[in-house]
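Trainee: Take this structure, written in structure tokens, and hold onto it; I'll ask about it next.
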Amino acid sequence: MFDILNQDTLYYWSAPFFLLVIFIEMYFSYRTKAKNYEFKDTATNVYFALANFSLDLLMKAFSFLVMGLCYKYRFITWDNQVVYWLVAFIGQDFLYYIHHYVDHHSRFFWAVHVTHHNSQFYNISTGFRSPVLQPLFRYMFFLPLAFAGIAPLH
């Protein structure tokens, strides 16, 4: 049952929702003259999102290979599925926090991450301004989960 819950499924179902929310935000921004959107800035956000998504697709095979190798040498085999999914959920969220913390506190990682904070406008589409080079190393922050017996797909 849980094998269908993956990043592709998330993108498939969330993309139309976020597009709708962005168009609603654009409408109210225009109506109230808040000027939260500018075509050039929004186009840049979409460009970065598409470039990041494309590089993510290319890096998936390599990252799954590395994660699979780490999973092969896992320290824990989970018998209880409820505990497994709790560890997967909390562990993934915690390691994402660590990844984001490092992005903000290391000059090397900040140089990649800064594009995410580079917009003059604060709107929902700004969240799509993902660092293009991040897929090259992002998976490394999640290797502890594979060693802890969480399957790479999860």
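The values are calculated or read from the model by the stated rules, or taken from the named source; none is laboratory data. Since the model is a prediction, treat every value here as computed from it, not as a measurement. Ideal geometry is used to build each Cβ from the backbone, glycine not excepted, and the neighbour counts take in all protein chains shown. When the accessible area is computed, the model is the full protein with side chains, heavy atoms only, and any ligands, DNA or RNA have been set aside. Shrake-Rupley method; radii C 1.70, N 1.55, O 1.52, S 1.80 Å.
Trainee: Quick one: which residue in A146, A88 is buried (at least 18 other Cβ atoms within 10 Å of the Cβ) and in contact with a Cys (Cβ under 7 Å, 6 or more places away or on another chain)?
Mentor: Exactly one of A146, A88 is buried (at least 18 other Cβ atoms within 10 Å of the Cβ) and in contact with a Cys (Cβ under 7 Å, 6 or more places away or on another chain), namely A146.
Trainee: Ok, one more. Just checking, does segment 51-74 include any residue being touching a helix residue (DSSP H, G or I) at 6+ places or on another chain (Cβ under 6 Å), among the aliphatic types (A, V, I, L, M), at pLDDT below 85 and in a helix (DSSP H, G or I)?
Mentor: Yes, because at least one residue in segment 51-74 is touching a helix residue (DSSP H, G or I) at 6+ places or on another chain (Cβ under 6 Å), among the aliphatic types (A, V, I, L, M), at pLDDT below 85 and in a helix (DSSP H, G or I).
Trainee: From the set of residues in segment 95-128 that are part of a loop (DSSP other than H, G, I, E, B) and free of Cβ contacts under 8 Å to residues at least 12 places away in the same chain, which is farthest from Y47 (Cα to Cα)?
Mentor: The selected residue is S106.
Trainee: I've got another one for you. Out of Y37, Y11, Y27, Y73, report the one residue that is under 26 Å from P131 (Cα atoms) and open to solvent by 50 Å² or more (accessible area, probe 1.4 Å).
Mentor: Residue meeting the stated conditions: Y11.
Trainee: Could I ask something else about it? Could you give every pair whose Cβ atoms fall below 7 Å, whose first residue belongs to segment 1-19 and is part of a loop (DSSP other than H, G, I, E, B), and whose second residue is modelled with pLDDT of 65 or more, counting only separations of at least 6 or pairs across chains?
Mentor: N6/L153
Trainee: Within the group L57, L95, which residue is open to solvent by 80 Å² or more (accessible area, probe 1.4 Å), closer than 17 Å to R138 by Cβ and under 15 Å from the mean Cα position of the chain (by Cα)? It would help to see each step written out before you state the result.
Mentor: Details: L95 fails: open to solvent by 80 Å² or more (accessible area, probe 1.4 Å).
Sole residue among the options that is open to solvent by 80 Å² or more (accessible area, probe 1.4 Å), closer than 17 Å to R138 by Cβ and under 15 Å from the mean Cα position of the chain (by Cα): L57.
Trainee: May I pose another question? So which residues in segment 99-113 are of a type in the set (G, A, S) and either open to solvent by less than 40 Å² (accessible area, probe 1.4 Å) or touching a helix residue (DSSP H, G or I) at 6+ places or on another chain (Cβ under 8 Å) (or both)? Step through it out loud before you land on a result.
Mentor: Of the residues in segment 99-113, the ones of a type in the set (G, A, S) are 106, 111.
If the condition is that a residue be of a type in the set (G, A, S) and either open to solvent by less than 40 Å² (accessible area, probe 1.4 Å) or touching a helix residue (DSSP H, G or I) at 6+ places or on another chain (Cβ under 8 Å) (or both), then S106 is the only one that fits.
Trainee: A further question on this structure: Within the set of pairs 6 or more residues apart or between chains, which connect a residue that is more than 12 Å from L133 (Cα to Cα) inside segment 46-57 to a residue that is open to solvent by 40 Å² or more (accessible area, probe 1.4 Å) with Cβ atoms less than 7 Å apart?
Mentor: V46/F128
Trainee: Given the conditions (1) in contact (Cβ under 8 Å) with a residue 12 or more places away in the chain; (2) open to solvent by 40 Å² or more (accessible area, probe 1.4 Å); (3) hydroxyl-bearing (S, T, Y), which single one is not true for T42?
Mentor: (2)
Trainee: For the subset of segment 129-142 comprising residues that are in a helix (DSSP H, G or I) and out of contact with any Leu (no Cβ under 9 Å at 6 or more places or on another chain), which member is nearest to F48 (Cα to Cα)? First the steps, then the outcome.
Mentor: Of all residues in segment 129-142, those in a helix (DSSP H, G or I) come to 134-136, 138-142.
Subset that is out of contact with any Leu (no Cβ under 9 Å at 6 or more places or on another chain): 138-140.
On the way: R138: 16, Y139: 19, M140: 21 Å.
Taking the candidates together, the pick is R138.
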